[in-house]
Amino acid sequence: MARRLPGHDAVRGEAIEVRIADTSVRAFPDESIAAAAIASGTRVLARSLKYHRPRTFFCFEGHCSGCLVRLSGVPNLRACQAACAAGAEVEGQNAFPSAEVDLLGAVDFLFSRGMDHHTLMTGSSVLNRLANKVVRQLSGLGKLPDRAATELPEVAVRTVDVCVIGGGPAGLAAAAATARAGRSTILVDDQLRPGGSLRTDPRTGRRAAETRWADTAAAGVEVLARSTAIGYFPEDDGGVLAVSSPDRLYRIHATSWIWATGGYPVNLPFPDNDRPGVLAARAVGRLLVDHGILGGDKVCIVEVPEVAADAAALAAALREAGAEVGRIGLASATGTRGRSWVSALDTLSGKVDCDLIAVAGIPAPASEGPRQQGCKVVLDPPAGGFRVVVDEHGRTSAAGVWACGDVTGYVGPAAAAEHGARVGMNVAMATMAVDW
């Protein structure tokens, strides 16, 4: 079972109390609801839309929708992107009477071969209307907020020389380089605390992330944490990036853009890989090195050869923390066992008992934003998926747009930081040449 490691709480400050599924849970202000939940033993947070299969954490980065909860009366918030606050009330969704024990999960057993509600009981119009009404009650996600919004968020405008999207190792390095060269720079990051993959890798970790974030801010970069770039609009005032933050919307204008959005943790194809307890390896690393939480006592890492070095580093760190760790190649994984949480991994060599499965795949480049801005993107499976095409300087096919780090193909935290620093300097020199 997941548990907090002694000694790590010293960096957390004073503990607070939140309520998760009607249970009081010890937490800390700078950690996510998801981290507090898994540390307290909470396993299932929600149910799937149609078949009410158990759903819970996978990526811990806000990209998988597995941990949507109702938080203090507001539905469909990502538990891994919601910070703990004293007195917060967290509830599961789409379940009766609770997410852990959902009677509506019987749908999954009754329609084991699948259910097409569009053709359900179509022989009778009366029965069909009744069936559709029942299906509508079973499906959907969340209920309306307890209180309706009474006002629109404030809109703020920023006009800068350089806008960096992504606050991982590449983005932090690029932003610091442009700021130190005298360019006004703003950095947008969607996580609770910037650092990206630095916070998931035992070879770097929380301290390295905090240091680089502080160095970037000290260089003069305006850092927008917990803020998501939701769209680029070329038709507005020469090009505007819309950024959603917790309390306002930013409209950002920039001379140069640097995409450093990194890559998404991905699941790997083996039977029953959606069972709770199957987490991204990066999520298991984030729990360990950023939150001081050991995700399980017996951990199986299912991996592909391209990330063997990353898997080895995670395995070593888990063993040092006290876990039993087994490493299984994807080709050998044949399924998972368990009910609301994994209890074993089936392999070609037999059953392997475990209480956590860490999936180590090649992160998929987060290339949607650059593509929206007109950057050329190509499918490159060994690099993780659709990567942004750049030249040796980091220029993309779109004028004034650059990219660095894992969004150009997976390279890992260390190489991403080096690439970001180089591209940042290239952007600074390019804008300097324009000024002359």
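The values are calculated or read from the model by the stated rules, or taken from the named source; none is laboratory data. Bear in mind the structure is a predicted one, so any value in this text is a computation, not a measurement. Here the Cβ is made from the backbone with ideal geometry for all residues, glycine too, and neighbour counts use every protein chain on show. With ligands, DNA and RNA removed, areas are computed over all heavy atoms of the protein, side chains included. Shrake-Rupley method; radii C 1.70, N 1.55, O 1.52, S 1.80 Å.
Structure values in brief
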| read-out | value |
| --- | --- |
| Per-selection metrics, segment 278-360 (Cα): Rg and Dmax in Å | 11.7, 34 |
| Centroid-to-centroid separation of segment 27-59 and segment 400-431 [C-alpha atoms, Å] | 34 Å |
| Cα-only radius of gyration and Dmax that characterise segment 242-303, units Å | 17.7, 51 |
| Residues Ala415 and Phe96, FRET efficiency given R0 of 45 Å [Cβ-Cβ distance, rounded to 0.05] | 0.40 |
| Sequence-distant lysines (8 or more away, or on other chains) whose Cα lies within less than 29 Å of Lys133 | Lys50, Lys143 |
| Convex hull of Cα atoms in segment 220-349, direction-averaged projection (nm²) | 12.0 nm² |
| Segment 149-207: Rg to Rh, with Rh as the Kirkwood radius over Cα pairs | 1.11 |
| Solvent-accessible area per residue for segment 278-360 (1.4 angstrom probe, square angstrom) | 36 Å² |
| Furthest towards positive pole of dipole, Ala83, Thr42, Thr56, structure part segment 33-135, Cβ charges | Thr56 |
| Accessible area of the chain belonging to carbon and sulfur atoms, whole % at 1.4 Å probe | 55 percent |
| Point-to-point label distance, Glu235-Asp274, nm (Cα→Cβ direction, 7 Å offset) | 3.7 nm |
| Qualifying lysines (Cα of each under 30 Å from Cα of Lys298; at least 8 residues distant if same chain) | Lys351 |
| Hydrodynamic radius of segment 3-138 per Kirkwood, over alpha carbon pairs, in Å | 16.5 Å |
| Taking all pairs of distinct alpha-carbon atoms in the chain, Kirkwood radius in angstrom | 23.0 Å |
| By average C-beta atoms within 10 angstrom, highest first, the peptides 158-171, 259-272 | 158-171, 259-272 |
| Extended-chain gain in nm, criterion 0.36 nm per residue less alpha-carbon gap, Ala316 and Ala219 | 31.4 nm |
| Cα-based equivalent ellipsoid of segment 297-434: semi-axis lengths in Å, sorted from largest, via gyration tensor | 39, 16, 11 |
| Contour excess over end-to-end distance, with Cα ends at Arg327 and Val134 and 0.36 nm allotted per residue | 65.0 nm |
| Cβ-placed point charges (K, R +1; D, E -1), dipole of segment 3-138 about Cα centre in debye, nearest 20 | 540 debye |
| Nonlocal amide H pairs with Ala254, under 5 Å, H built at 1.01 Å | Val160 |
| Descending Cα extents along the principal axes, segment 368-413, whole Å | 27, 19, 14 |
| FRET E, pair Glu14, Asp247, Förster distance 25 Å, beta-carbon r, rounded to 0.05 | 0.55 |
| Relative contact order (%) - criterion: Cα under 8 Å, at least six apart; region: the chain | 16 percent |
| Estimated distance in nm for a label pair at Leu144 and Asn267, the labels positioned 7 Å out from Cα along Cα-to-Cβ | 3.3 nm |
| Segment 347-371 versus segment 302-324: alpha-carbon centroid distance in Å | 12 Å |
| Within the chain, helix-based [θ] at 222 nm, where runs of 4 or more DSSP H residues each add -39,500 (n - 2.57), nearest 500 | -7000 deg cm²/dmol |
| Burial order of peptide ranges 227-238, 323-334, 84-95 (average beta-carbon count within 10 Å, highest first) | 84-95, 323-334, 227-238 |
| Using alpha-carbon coordinates, inclination of helix 125-138 to the longest axis of the chain, degrees | 60 degrees |
| Residues Ser349 and Asp22, FRET efficiency given R0 of 35 Å [Cβ-Cβ distance, rounded to 0.05] | 0.25 |
